[in-house]
Structures are given as C-alpha cells and as structure tokens.
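J.: Dropping a structure here in structure tokens format, bear with me for questions.
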Amino acid sequence: MSGADKIAVTVTDIVPLNELVTRFEFRRTDGGLLPTFSGGAHTVVEMRDGDITRMNPYSLMSDPMDQTAYCISVRRDDEGRGGSLFMHNKVAVGDEMVISYPVNLFSLDLRAKKHLFLAGGIGITPFMAQIKQLERFNCRWELHYACRSKDLGSYADELSAHHPNETHIYYDDQKQAIDLVNLLDGQPLGTHVYVCGPKGMIDWVRNTAKAEGWPREAIHYEEFLAPKPGKPFEVKLAISNKVIQVGEQESLLEAMEREGVDAPYLCRGGACGQCETRVIDYAGNFIHRDHWLDDAEHASGEKIMPCVSRFEGKTLVLDR
Amino acid sequence: MSKFTFPKSITSRPVYGTLEPREGSAHLMIADAEGAEAILDVATPEMMAKAHIIYIPKGEDFEDRLRALKPASFYAGPSYAAAQPRLHKFLADAKMGLQVYLAGTEGLIGQAQSAAMAAGIPHTAIQTEHRGSVARRMQCVHCKGITEDVETDPFVCSHCGLNLFVRDHYSRRLAAYQAVCIDAEDPGNVPEPKGIYE
Amino acid sequence: MTIQFNDETFRDDYSFHNSEWAIKRFPFPFHEDSYMYSVNMEQHRGGPDGSVFEKRFDVDEHYVSEMKDRALVLADDPLRCQSLPHMTLAGWDLLELIMVSKSEDYPDLFELHRDGNAWRWINKPLGIDHSFTFLDEATLPYGPMEYITRQAQGDFAVLDQRDDNLWMDAGMVTTQADWSLDFDIGMNFFEWHAPVPLAHEKGIFVRALKFLLNIQQGSPARRLNWTMTVNPLLDTSPENYHKWGIQKTTLTPENIGAKQHLRVELQTFFRLPRSNALVFPIRCYLCSFQDLMTVPKWGRRLHRVIRDLPDELATYKGFIDNRPLMLDYLSKFDDGLPTSPGIWPDLDVEPALQK
C-alpha cells in the first residue's frame, strides 16, 4: 500500500476565517488520541466525492503537542480541480473522513540559533504549528507574513496579539512589502530561513539569500502544488501491461490508482519524490510541474512525477 | 609547489578544493604556513575590504605579503591554540553571509572548520584548500588523546604510548583521523613506520 | 509468559548462556546458503509468536544482565552515550516510544501511567518506580535518551534528518560491532558507513538512505546484520580493542564450539514524531557455534556461508584469520543436503545431520 498509514477521523469543527479560507478540525472517530507530530508536517486528506477520490495534502496547523485534535486551513481555489471546493461546500461537522499519519517534508532545523519565517498567504499554516513548537522550547524566531489585505490575512491578528515582537505583517493592498535584502542582512550566524507561499515568493527568497552569501542548507521551503487539470492523454504502463486514459480533471497518479496500479506517494504535490517514475518511451511533450526533478532531468525525458505532471502527445510508456 | 594530490579514499575522508571568491557580507580567511599562498592566489582588492585574515606562519615567511593585501583586519599568531579565543569572538559576533576560506595543513583546516560549523555554518559552505605538510591530526580511539602532525604509519600515541595505525576515517567534529592499536592481536609485532603516503 | 532472567556476565568469566528457548528464537541471519549485502528491509510490524520480531522492543532472558553490563561500560567510559544539544527533543521522543511500547507489549513487566505531563514509569525487572515530568530534563537523573536506554537492550543511534541525509547526532552505544560513537557522532549516513567495504560500490547505501528517509510515523522497518565475536563479549568497541583483540587469538579446535559466537544485530527504524528524527535501535543477539549446531539447517547453512564469503567481508568483519579454524569445525555439521529457504529453524521438516 502506498502513502503513510491512515487514520479515521470525524470533522468536529468548521470555522470560516474569511471569504477564501476555512479551518477544519478533526478528531479520531474511535475517540482515541491522535499521533503527535513535528511542526511543518502535513496530512493527506481523502475526499470521497461521488465516484472520485481526491487526496490533497494540507499542513497541520494545530499545536503539535495537542493529541486531541488536528486543524488544517483550506483556501478555496475556484479554478482548481475541486478538492478545496469539496472541502468548502460539501464537508459538514460530523462527517467521517480518512486522513494520513503526519508526514514532515518541511521540518525545523533544530540546530538553528534563530528561525526566520517568511509566509505568503495560505503559506502561513505550517508556521502556525512550528511557532507553537518553538514557543514550547523557548526558541528564537521571527515571522514576516505577506497577505493581500487585512480581510484575507488569516491568523494575522491572532499572531500579532500573541507575539507582537516576533510578528511582522505586510498587506499588499497597503503597498507594504518585505524588505528582504535588509531583513537578511545582519541576521546572526546560524539563522535558518523558512519560506512557504507561492512559487514566485519561494524563488525570490532562495535567489536573494544565495546572492547575499547564505548557505543552501540554511534555506528551507515548501510549496505543495495541486495537480492542475489538462488535456486528457493515454499512457501505457509497461510492468502492469495496461493502457490507461488520464482524464481532464484527474492526475496521472490518480488515474493509475483508479486502474489498480500502485505507485508510492507521500505528498501528492510534487515535493517528496516518492512517485518518481521512469519513462521508457515517449513521443510528445511533458508538462513538468514538480519541484523534485531538476531542470536537466525535466529536459531529459527520462522521468516524470505523476502526482502533478502531465503529458501531451502520441505515446507515453512508463515503468509501472 | 606546496600542492599534493591525495589518493582516492573513503567517503569520510575530507576532499580539498581550490579557494574561489564568493559573494558575502564578510570574508574570514584562516591559513597556516604555505596556506598563505592560497589566500594570495584568491585575494582581490574588493574582497580584502571585507576580509579578516588569521595566519599561523609556522616558520614560513608570508606575513608581509598577506599584510600588503590590506585586509580589513590581520592577525598573525604563534599557533592555532593561541588564535582560538580571537576566532571564537569573531564567530560569535558574525552575521549570515559570512564566507569562510581555510588553507594550509589538514590540522589547521579541520580545527577551523569545526569551529565555524559549531557557529552555524554548514561544512559544505566552507571552502578549503590544502597546502604544505601532509601530516595528519590523529585521535587515539583508546585514550582519546590527539597527536598532532603525524607523518608516519604506524606511530606512537603521544598520550598513552600505544602503537597505532593511521586510518582514513575522519571526524569533522574532532578535526582528526582515527588511530587504532596495531598490535592488539599480536602484542609487540609492530611494523617499521613509513610515510603515510608511501 | 513470564521471562526468567539469567544472572550472567559478558566479560571476565563469561557466564552468558542461551536457554533452549533463546536458541530456538535466535535471529539466524541467513535466508539462503550464501551472503552478500542487500537492502534487506522489511516492515517491523510484529512477527511469529515468541520470535524476536514479535514486539516493537524485544525483551528476553538477558535483559537484566545486559543492563548491568551497560552500566559497567558507562562507568568506565561515559562517552559511549552522547547527544548533541539539538537532539534532546528526539531523546524525549525515544523515551516515549520505548515506555509506551514496553508497557503495552509487556504489561506484566512495565507500567506507564500518564496524567498530562506527569508520568510514572515502573520497570519491575530493574526495580525502578519513578515519577517525572515529561519534557522536563530536571526531573530525570540523566538526559531522556540516556535514561531510557539504560533500561533497553541494544544500542541506539538517534539520527537527525536534514538536507536529504541522516546525521548520527545522538546515541547510546555499548554493544557495538567495533565502531565508535564518540568518533562518528555528527557524521552523515555515508560518512559513518565509509569504512564498510564493497557496499558503497554496489550502491547499497544510496538505496538504503532513500528508504530510511521515507520511513513514516507508524510504519517502522527492520533488517538483520551480523558479524563474529570470540567469547560472548557485548562491548566489542574500538575504544577497548587493545584489550579484547587478543581474545580473537585464543580459539582452538577444542574450544571453538563454545567460544566462537555468531553475533546478530536486529536493526529497527522508527520515525520519531515530535522531532522528525529517526531512531535506529541495534539489538545484539549472541549464540555460540555449538548451540547453533543444535539446529541442523543452521549447521549446514552457516558452513556454506562462511566458506563462500568474499575475503573483503571476512576481513572487515574481523575473522579472516580464524576462518580456517571455523571451517574445520563447521564442515562437520554440513552433510551436503539441501536447506529450506528462509531463516527459521524448520526443526520439524529438516532432517537430522546425516554424518
């Protein structure tokens, strides 16, 4: 079986935070305690929407020490394939759902002398748990959080109220922006930077830090990609000896699972590398969208990450 | 020429490169003996404006040439141990963006690297270039004592007196190679010492 | 079943011994008649009743004596247990994992009572009844990792996960196959395995690391490893090699059956939830050649494995000089009959020795 172990949970609270973001609380259906986790971990939520099962990763944002309940925050994506819309429109308090054990692909470097968090929009969620973890152990941290407006600044008020000295909020609509070069300048040796937000923000932070002479190991980032819809395509799976169709609204990974072909995964968002699959033959173009393979591997035509990447063309034969 | 090509070895054995200028908020350059040559090779006036040099001459005559580079600060001291308090103060005050360049013997490079790592710089971000003596800094695995500047294999532990053979297994934390008793299974049967790379 | 704990030593007079029960459940490491490195990982979710794989942390008849031996080693050399400062949370994770597992798996021997962070731990075999505050180091006599691993058989390497690698940043190592925690602490996965021959070239460590990095909470894994030890000596450390190395030269045709021990490591791997570190318990089982030979299948197979092992591995495992003596002894237990696949003794199907 692929992915982390599963936990049966019940939705115990749903709180709309603003017009885009809603928070969900889960408790174990059997009444037991949930596993503890480390700040930055995510869970994969299974959404049974009629015949379709979607599995989306969401950062756990509750206190890692609290084993009674997990919280996630879901941003509605009207353009997406429907996972977030399902959560927003179809999930009700009392519903039973299945989530995965926590998996952490964005963990704190506990050696850091200081943790510097940079969040963009919904990218605030992993930091909510990390901040609770660091506060418990009296660690040094600072948050710089950019959001579109006061109305859309999920948790900005709460963070500012609890941690006025550490929290810095920037509102786009007030023309406020993180002065990154200045911020990076003068940070004590041993500082680690963590960035979670849109791809443009992650690239900006990584590139700026590199130019300022920061070591690669001191920059941590996470961006989960939701699989994007695209044109349907056909794939031949060599090991299982099957030809399958990937629909417009499903990912290649989901299509394989639908056909009973087991491919390993953890994040389903192009980050963990588990579903990396060898390409045996192809005629056409890859639409690579993952963070896992590097540019040379994308160009080589030898590998694909089926969780988020697609294909357009005549023939695609995979080693599955 | 003070450069030596080390034979290919196991993955824990350090591999040295050639110093190159990097972007950074400040530059810390530490060298001993002929390591000065590597600093002279990499130095640019732009870099020197933000560079701090710690140099252990060990009888070599490079001090004036290093001073002439006009670094932001320059220190020449009699030994690494003597330079250590100054180095620790520098690292405690340092900011992210600091670039570290180490050149000279393995003992000097290893000890300075260990100090920089403890201050929060990953070892992969620290540049090193070997110059000069190929003697090794060895830790006796039995008594834990460090013997500096070991040139032969086997050698006698300067602390406990055991006959030790020289391994390529290296600890960055200790800045030392591992030395293990050579005649444990046949006491007294100690081969004639020869140069480590002979 | 209540375990009868042996009163025995792993040094000096070497009174260590295995009962019939312990021999039958010995984790014989060879699943076929030859051996080469492989990434022989499997899930660690129980095993046959009574086997060493059944519980998360196996407790056997040697428990009390092994813990006494560990205390002696640590009194001589406290550096066998070290934890870099950032690993304290992982130490608490490990304490929680072991206390919860043992109290659930051996309720007659261990009890854990929790009320929030107020914990009470009862270890009946060692006579410990201790109340402490979880996550408060001041309420324990040692750091959390040292405290619990003084009460758990086997060595423990606690690995920090970062930069797509595992880092040996804490450990309790007193029953090791000749490696030094004090030297290796702080190294990454490839560095601490650097002295192992052949396996790097075969890509074993690249694949093993990839597997280990992806071990998830609730899904532990395990594998077996092995070496050879003369006398039932747990502490075959490099630190003391100048003292014990000489024992390797004391083998004779007369004493080899009793003195030569197959040393097997049951290595398990658990993700630690609060720290995202990985713990790598390395549990050592010893069995003398003469006890192993009571299982006909193991007698046949051990001879073939040792006979055909590449010289590099026999050298690395430290028995190249004694191999001829071993083969003389073992060949007497190999009648050339085929062996059944798998590691189990299969006493009911394997014929007795035919010579």
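J.: Run residue B:136 past the list (1) within 9 Å of another protein chain (Cβ to nearest Cβ); (2) under 12 Å from the mean Cα position of the chain (by Cα); (3) within 20 Å of residue B:191 (Cβ to Cβ) and report the number of the one that doesn't hold.
T.: With (1) within 9 Å of another protein chain (Cβ to nearest Cβ); (2) under 12 Å from the mean Cα position of the chain (by Cα); (3) within 20 Å of residue B:191 (Cβ to Cβ) applied to residue B:136, the lone miss is (1).
J.: Quick one: which of B:190, B:166 is assigned to a strand (DSSP E or B) and either buried (at least 21 other Cβ atoms within 10 Å of the Cβ) or out of contact with any Leu (no Cβ under 8 Å at 6 or more places or on another chain) (or both)? Walk me through it before giving the result.
T.: Numbers: B:190 fails: assigned to a strand (DSSP E or B).
Of B:190, B:166, the one residue that is assigned to a strand (DSSP E or B) and either buried (at least 21 other Cβ atoms within 10 Å of the Cβ) or out of contact with any Leu (no Cβ under 8 Å at 6 or more places or on another chain) (or both) is B:166.
J.: In the range A:203-215, is there at least one residue being more than 14 Å from chain B (Cβ to nearest Cβ), outside any loop (DSSP other than H, G, I, E, B) and β-branched (Val, Ile, Thr)?
T.: Among the residues of the range A:203-215, not one is more than 14 Å from chain B (Cβ to nearest Cβ), outside any loop (DSSP other than H, G, I, E, B) and β-branched (Val, Ile, Thr), which makes the answer no.
J.: Same structure again: Can you say whether residue C:218 is within 14 Å of chain B (Cβ to nearest Cβ) and among the small types (Gly, Ala, Ser), as far as the supplied structure shows? Before you say what the answer is, go through the steps one by one.
T.: Numbers: within 14 Å of chain B (Cβ to nearest Cβ): no; among the small types (Gly, Ala, Ser): yes.
Spelling it out, it is not the case that residue C:218 is within 14 Å of chain B (Cβ to nearest Cβ) and among the small types (Gly, Ala, Ser).
J.: Sticking with this one: Of all residues in the range B:79-126, which are within 14 Å of chain A (Cβ to nearest Cβ), touching a residue at least 12 places away in the same chain (Cβ under 8 Å) and among the β-branched types (Val, Ile, Thr)?
T.: Correct list: B:100, B:121, B:126.
J.: Something else: The conditions are (1) over 21 Å from residue A:222 (Cβ atoms); (2) within 14 Å of chain C (Cβ to nearest Cβ); (3) at pLDDT below 95, and residue A:33 fails exactly one of them. Which is it?
T.: Only one criterion is unmet by residue A:33, namely (3).
J.: Checking the structure you have, find out if any residue of the range B:51-66 is touching a residue at least 24 places away in the same chain (Cβ under 8 Å), within 14 Å of chain A (Cβ to nearest Cβ) and assigned to a strand (DSSP E or B).
T.: yes
J.: Restricting attention to the range C:70-84, which residues are surrounded by fewer than 20 Cβ atoms within 10 Å (Cβ to Cβ), away from every other protein chain (no Cβ under 14 Å) and in contact (Cβ under 8 Å) with a residue 40 or more places away in the chain?
T.: Selection gives C:71, C:72, C:74.
J.: Return yes when residue C:209 is within 13 Å of chain B (Cβ to nearest Cβ) and either hydrophobic (A, V, I, L, M, F, W, C) or assigned to a strand (DSSP E or B) (or both) and no when it is not. Walk me through it before giving the result.
T.: Working: within 13 Å of chain B (Cβ to nearest Cβ): yes; either hydrophobic (A, V, I, L, M, F, W, C) or assigned to a strand (DSSP E or B) (or both): yes.
Criteria met by residue C:209.
J.: Do any helices (runs of 4 or more DSSP H) entirely within the range C:90-196 hold 1 or more residues that are more than 27 Å from residue C:64 (Cα to Cα), and if so, which? Let's see the steps before the verdict.
T.: Numbers: elements: C:144-149, C:181-184, C:189-192.
Output list reads C:181-184, C:189-192.
J.: Further question on the same structure: Is it fair to say residue A:39 is out of contact with any strand residue (DSSP E or B) (no Cβ under 6 Å at 6 or more places or on another chain) and at pLDDT 95 or above?
T.: Values: out of contact with any strand residue (DSSP E or B) (no Cβ under 6 Å at 6 or more places or on another chain): yes; at pLDDT 95 or above: yes.
Yes, satisfied.
J.: Contact list please: Cβ distance under 8 Å, first residue in the range C:141-162 and closer than 19 Å to residue C:212 by Cβ and within 14 Å of chain A (Cβ to nearest Cβ), second residue acidic (Asp, Glu) and in a loop (DSSP other than H, G, I, E, B), pairs at least six apart or on different chains.
T.: Short answer, once both residue conditions are applied: C:162/A:109.
J.: Can you say whether residue C:243 is touching a residue at least 40 places away in the same chain (Cβ under 8 Å), among the charged types (D, E, K, R) and part of a helix (DSSP H, G or I), as far as the supplied structure shows? Can you show your working first?
T.: Working: touching a residue at least 40 places away in the same chain (Cβ under 8 Å): no; among the charged types (D, E, K, R): yes; part of a helix (DSSP H, G or I): yes.
Spelling it out, it is not the case that residue C:243 is touching a residue at least 40 places away in the same chain (Cβ under 8 Å), among the charged types (D, E, K, R) and part of a helix (DSSP H, G or I).
J.: Could you tell me whether residue C:53 is surrounded by 16 or more Cβ atoms within 10 Å (Cβ to Cβ), assigned to a loop (DSSP other than H, G, I, E, B) and in contact (Cβ under 8 Å) with a residue 12 or more places away in the chain? Break it down into steps so the answer makes sense when it comes.
T.: On the way: surrounded by 16 or more Cβ atoms within 10 Å (Cβ to Cβ): yes; assigned to a loop (DSSP other than H, G, I, E, B): yes; in contact (Cβ under 8 Å) with a residue 12 or more places away in the chain: yes.
In short, yes.
J.: What's the number of the condition residue A:112 fails, among (1) within 30 Å of residue A:248 (Cα to Cα); (2) surrounded by fewer than 23 Cβ atoms within 10 Å (Cβ to Cβ); (3) among the aliphatic types (A, V, I, L, M)?
T.: Tallying (1) within 30 Å of residue A:248 (Cα to Cα); (2) surrounded by fewer than 23 Cβ atoms within 10 Å (Cβ to Cβ); (3) among the aliphatic types (A, V, I, L, M), residue A:112 fails exactly one: (1).
J.: Filter the range A:56-70 down to residues that are among the hydrophobic types (A, V, I, L, M, F, W, C) and out of contact with any Phe, Trp or Tyr (no Cβ under 7 Å at 6 or more places or on another chain) and give me whichever is modelled with the lowest pLDDT.
T.: So in the range A:56-70, the residues among the hydrophobic types (A, V, I, L, M, F, W, C) come out as A:60-61, A:65, A:69.
Pick out the ones that are also out of contact with any Phe, Trp or Tyr (no Cβ under 7 Å at 6 or more places or on another chain) and you get A:61, A:65.
On the way: A:61: 97, A:65: 93.
Taking the candidates together, the pick is A:65.
J.: Next question, about the same structure. Collect the residues in the range B:172-181 that are among the aliphatic types (A, V, I, L, M), assigned to a strand (DSSP E or B) and facing chain C (nearest Cβ under 9 Å), keeping them in residue-number order.
T.: Taking the range B:172-181 and keeping what is among the aliphatic types (A, V, I, L, M), we get B:174-176, B:179-180.
Those still in the list that are assigned to a strand (DSSP E or B) too: B:176, B:179-180.
Selection gives B:176, B:180.
J.: Still on this structure, please answer the following. Answer yes if at least one residue in the range A:118-141 is more than 29 Å from residue A:265 (Cβ to Cβ) and buried (at least 24 other Cβ atoms within 10 Å of the Cβ), and no otherwise. Show your work before the answer.
T.: We begin by selecting, within the range A:118-141, every residue more than 29 Å from residue A:265 (Cβ to Cβ); these are A:134-141.
Still in the list and also buried (at least 24 other Cβ atoms within 10 Å of the Cβ): none.
Scanning the range A:118-141, I find no residue that is more than 29 Å from residue A:265 (Cβ to Cβ) and buried (at least 24 other Cβ atoms within 10 Å of the Cβ), so the answer is no.
J.: Okay, moving on. Of the numbered conditions (1) under 19 Å from residue B:171 (Cα atoms); (2) of a type in the set (Val, Ile, Thr); (3) away from chain B (no Cβ under 12 Å), residue C:185 satisfies every one except a single condition; which is it?
T.: Failed condition: (3).
J.: Now, a different point. Sort out which residues of the range A:184-205 are surrounded by fewer than 21 Cβ atoms within 10 Å (Cβ to Cβ) and under 18 Å from the mean Cα position of the chain (by Cα), and write them in order of number.
T.: Selection gives A:198, A:199, A:200, A:202, A:203.
J.: Further question: Checking the condition part of a helix (DSSP H, G or I), at pLDDT 95 or above and of a type outside the set (S, T, N, Q), which residue from B:115, B:184 passes?
T.: One residue alone meets the criteria, B:115.
J.: With the structure loaded, tell me whether residue A:182 is within 14 Å of chain B (Cβ to nearest Cβ), of a type in the set (S, T, N, Q), free of Cβ contacts under 8 Å to residues at least 24 places away in the same chain and under 30 Å from residue A:286 (Cα atoms) or whether it fails that test.
T.: Details: within 14 Å of chain B (Cβ to nearest Cβ): yes; of a type in the set (S, T, N, Q): yes; free of Cβ contacts under 8 Å to residues at least 24 places away in the same chain: yes; under 30 Å from residue A:286 (Cα atoms): no.
For residue A:182, the condition - within 14 Å of chain B (Cβ to nearest Cβ), of a type in the set (S, T, N, Q), free of Cβ contacts under 8 Å to residues at least 24 places away in the same chain and under 30 Å from residue A:286 (Cα atoms) - is not met.
J.: Looking at the range C:111-140, which of its residues are touching a residue at least 24 places away in the same chain (Cβ under 8 Å) and either surrounded by fewer than 18 Cβ atoms within 10 Å (Cβ to Cβ) or over 19 Å from residue C:90 (Cα atoms) (or both)?
T.: The initial filter retains those residues of the range C:111-140 that are touching a residue at least 24 places away in the same chain (Cβ under 8 Å), namely C:123, C:125-126, C:134-135, C:137.
Scanning the range C:111-140 gives C:123, C:125, C:126, C:134, C:137.
The values are calculated or read from the model by the stated rules, or taken from the named source; none is laboratory data. This structure is a prediction, so every number in the text was calculated from the model and none was measured. Reconstructed Cβ throughout: ideal geometry from the backbone, glycine too, with neighbour counts over all protein chains shown.
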